[in-house]
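So that we are looking at the same thing, I have put the structure below in structure tokens.
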Amino acid sequence: MVEAVGSEVTYRDEGPVMEERYYRIGIEGTEPKIYSGNAAGVLPLTVVGRGLEEKERLGMWGISLDPGGKEGIQEVIGWQMDGAGCSEQASEIWKWRATTWTYERNWLFDSMGSYPAYDGLWLDLSTGGPSQMRMALGSGFWVRNKGMESQVVYQDGLVRMQEVGLLVEVSDKGTVLQMMGQPYAGDTALTEEATTLQSDGAMGGWETKYSDQIWSYLQEQTGYQRSWLFDSGGYYPGYDGTWFDMSTMDFTTQVLKRGMGWWYRATARTGRPAEGNWIWTAPVPY
């Protein structure tokens, strides 16, 4: 039984912590049973450890559960990773700035009790002060694990039931790279996105260098799965709007997974179906 206090409902899950879960509130005694209009969930994300290797391991994560306005790194990630007294040994999170081609870099401070007021605080690598990083729904970022063991972070928030629009930036000067994330609590095969992407503003072409691309990082393989959008301008209408794998040149099998991030590589603005920046209205996968 879950009891409401005013307009808010609080529920504490005492089950196993390693499972992905989603919740809706139901009202007892109604037939048919009445459920809340929204749902919440928790999504575990893993970045593998380096083991006996010298180099740290990377994971590319995305925000798939809506933080509900609490988008700061301290609220979304908090003290769930391994910190240290110096940035060289601490876990880091990097967010890409598409306009300047630079990263906003943050590290987790942990003095092991020497400075308890600051332990668990994310710090900006550039300023040395508290991080101002925002982690909105649909954003992506790098996670750097410098330890030998894998680390698990639990992302929680609201499940989006309506379509989410993701801003895609383009430029007359050339390619624009953006980090994005799946904005839903479900996975979407890239083939299902093809029509929506192209009609929303994605650019296709005869060759990869003239086309928009999507790159998903595979941390187990420490490499990317990359796809590009084909458009023959009507010469091969059966294939126009199709995403192909850049390695095999066959139909892509790429999946935009919940909790994961990816790069969107937008080619130059010239010839696009949409003028200027455009909104990718990603279909809800459930």
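Laboratory data are not the source of any read-out in this text; all were calculated from the coordinates shown. What you are looking at is a predicted structure, and each value in this text was computed from that prediction instead of being measured. With ideal geometry, Cβ positions are generated from the backbone for all residues, glycine too; neighbour counts draw on all protein chains shown.
Among the listed pairs LYS173/LYS209; LYS70/LYS95; LYS173/LYS257; LYS95/LYS209, which have their C-alpha atoms separated by more than 21 angstrom in this model?
Details: LYS173/LYS209 15 Å; LYS70/LYS95 17 Å; LYS173/LYS257 31 Å; LYS95/LYS209 25 Å.
Too far apart for the 21 Å limit: LYS173/LYS257; LYS95/LYS209.
Could you grab the relative contact order for the chain? Cα pairs under 8 Å, six or more apart, rounded to a whole percent. If you can, show how the numbers build up before the last one.
On the way: 697 pairs, mean separation 61.4, N = 286.
Rounded, it is 21 percent for the chain.
Between ARG50 and THR175, what is the label-to-label distance in nm when each label sits 7 Å out along the Cα-to-Cβ direction?
According to this spin-label approximation, the distance is 2.8 nm.
What does the helix-only formula give at 222 nm for the chain: each DSSP H stretch with n ≥ 4 adding -39500 (n - 2.57), the total divided by the residues, and the result rounded to the nearest 500 deg cm²/dmol?
Values: 2 runs with 15 residues, N = 286.
Theoretical 222 nm ellipticity from helices: -1500 deg cm²/dmol.
Still on this structure, I have one more. Mind ordering 176-182, 236-242, 155-161 by average Cβ neighbours within 10 Å, highest first? Write down the numbers at each step before the final one.
On the way: 176-182: 21.1, 236-242: 13.4, 155-161: 17.7.
The packing order, highest mean first, is 176-182, 155-161, 236-242.
Which entry is the computed mean projected area of the Cα convex hull in nm² for this structure: (i) 19.2; (ii) 16.5; (iii) 15.8?
(i)
Please compute the net charge surrounding MET112, taking Lys and Arg as +1 and Asp and Glu as -1 over other residues with Cβ under 13 Å from its Cβ.
Details: positive: none; negative: ASP82, ASP110, ASP119.
Charge balance in the 13 Å sphere: -3.
Separation between the SER126 and GLU88 pseudo-spin-labels, each 7 Å from Cα along Cα→Cβ, expressed in nm?
Here the answer is 2.4 nm between the modelled labels.
Based on the Cβ-Cβ distance of ALA189 and ARG134, what FRET efficiency does E = 1/(1 + (r/R0)^6) give at R0 = 35 Å, to the nearest 0.05?
Details: r = 29 Å, r/R0 = 0.83.
In this case the efficiency is close to 0.75.
Now, a different point. Applying the Karplus parametrisation 6.51 cos²θ - 1.76 cosθ + 1.60 with θ = phi - 60° to the phi angles of segment 65-81, what ³J(HN,Hα) value in whole Hz is obtained for each residue in order, glycine and proline being reported as x?
So the J values, rounded to whole Hz, are 10, 5, x, x, x, 9, 9, x, 4, 5, 7, 7, 9, x, 9, 9, 10.
Between TYR210 and TYR115, how many nm apart are label points set 7 Å from Cα along the C-beta direction?
5.5
Still on this structure, please answer the following. Tell me, what is the percent relative contact order of segment 164-282, built from C-alpha pairs under 8 Å that lie six or more residues apart?
Numbers: 267 pairs, mean separation 52.9, N = 119.
44 percent.
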